[in-house]
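Have a look at the structure below, then the notes.
Taken together, the values in this text are just the output of simple stated rules run on the coordinates, not laboratory data. The structure presented is a predicted model; accordingly, all values stated were derived computationally and were not measured. A quick note on method: Cβ atoms are made from the backbone with ideal geometry, for glycine too, and the neighbour counts reach across all protein chains shown.
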Amino acid sequence: MARKVPLRKCTGCQEMKDKRQLIRVVRTKEGDMSIDRTGKKNGRGAYICPSTECLEKAIKNKGLERSFKVNIPSEVYDSLKEELGDSDA
Ligand SMILES: [Zn+2]
């Protein structure tokens, strides 16, 4: 049975990719942002490739800010970078 692979757009490079190849960044009602590795956290989600390169792009083009319609403080980006760095190791 062929199931259509769900595609999501990376907020960094703007490419459509298989959802499973992307990581989900979630923003909760409380305004906390974190990387959702389970894909099951509640809140608004945005997708990004698991690379700091795409995160840098997302910072530059304000892709995440557009997705979440909020200002994102730089410490949020810092913690996302840290989490991404961990996944590379
Ligand atoms: Zn990307």
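Things worth noting here:
- With contributions of -39500 (n - 2.57) from each DSSP H run of at least four residues, the per-residue ellipticity at 222 nm computed over the chain stands at -10000 deg cm²/dmol.
- Extension gain for Lys81-Glu15 works out to 21.8 nm (0.36 nm per residue, less the C-alpha to C-alpha distance).
- Residues whose placed amide H lies under 5 Å from that of Asp36, excluding near-sequence neighbours: Arg24, Val25, Val26
- Rough spin-label spacing in nm, given labels placed 7 Å along Cα→Cβ, for Arg66 and Ser34: 2.8
- P(r) histogram, all alpha-carbon pairs of the chain included - 10 Å bins from 0, percent: 17, 54, 24, 4, 0
- Within the listed set Ser74, Ser51, Ser34, the Gaussian network model of the chain (springs between alpha-carbon atoms below 10 Å) gives the highest mean-square fluctuation for Ser74.
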